[in-house]
Amino acid sequence: DIDSLFQVRGLKRHTSITDAREIVDAITTGLSKDKDQWPQTNDYAKSEQNVSDIIDLMLALVKYKSKQHNVAPQMIAGHNELVAFARGHIEESGLMDSWKADVIGNDLQKLLDGKLFLHIENGKIIMTDEQ
């Protein structure tokens, strides 16, 4: 109902009663359908593998590469791209497309395959192809 909808922080201030009714109608219609009729999204299921530790390591490589190329880490790889990549959605991540493959994607694949290593030397992260 509309009262429940307006309990979402900030929604009441920015949503008219008419829009709120349409939102509630759309939710009600959607919930009445079978799940196989629900729209498909590109979001990856929350039940997929928890990859937070893997992403921490991947972020270290992204930061290393961002310093190497003198750009912000977010320009090289966003969090959602890293999550997709770590969960095995390599192509969908966009990190193997054009320049991103050269800058980060190929090295991320090597890292996940155990063929690229990061270690600390004199207080700096070093990337090597050998242990």
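The values are calculated or read from the model by the stated rules, or taken from the named source; none is laboratory data. Quick caveat: nothing in here was measured; it's all calculated off a predicted structure. Positions of Cβ are backbone-derived with ideal geometry, glycine not excepted, and every protein chain shown enters the neighbour counts. Note: accessible area is taken over every heavy atom of the protein model, side chains too, but ligands, DNA and RNA are not part of it. Shrake-Rupley method; radii C 1.70, N 1.55, O 1.52, S 1.80 Å.
In a Gaussian network model over the chain where Cα atoms closer than 10 Å are linked, find which of E91, E81, E121 has the largest mean-square fluctuation. Highest fluctuation among the options: E121.
What longest range of the chain stays clear of loop-exposed trypsin sites (Lys or Arg not before Pro) (DSSP non-H/G/I/E/B, at most 14 other C-beta within 10 angstrom)?
Values: sites that count: R9, K33, K46, K115.
The longest such stretch corresponds to 47-114.
Scanning the chain for long hydrophobic helices, with DSSP H runs required to stretch 18 angstrom or more by C-alpha along their axis and to average at least -1.0 on the Kyte-Doolittle scale, returns 17-32, 52-69.
What does the charge count near P73 come to, summing +1 for each Lys or Arg and -1 for each Asp or Glu among other residues with Cβ under 12 Å from its Cβ?
Values: positive: K63, K65, K67; negative: E81.
Net of charged neighbours comes to +2.
Computed over protein heavy atoms with a 1.4 Å probe, the accessible surface of the chain works out to 73 Å² per residue. Any idea what the dipole of the chain comes to, in debye rounded to 20, about its Cα centre with Lys/Arg Cβ at +1 and Asp/Glu Cβ at -1? The calculated dipole for the chain is roughly 480 debye.
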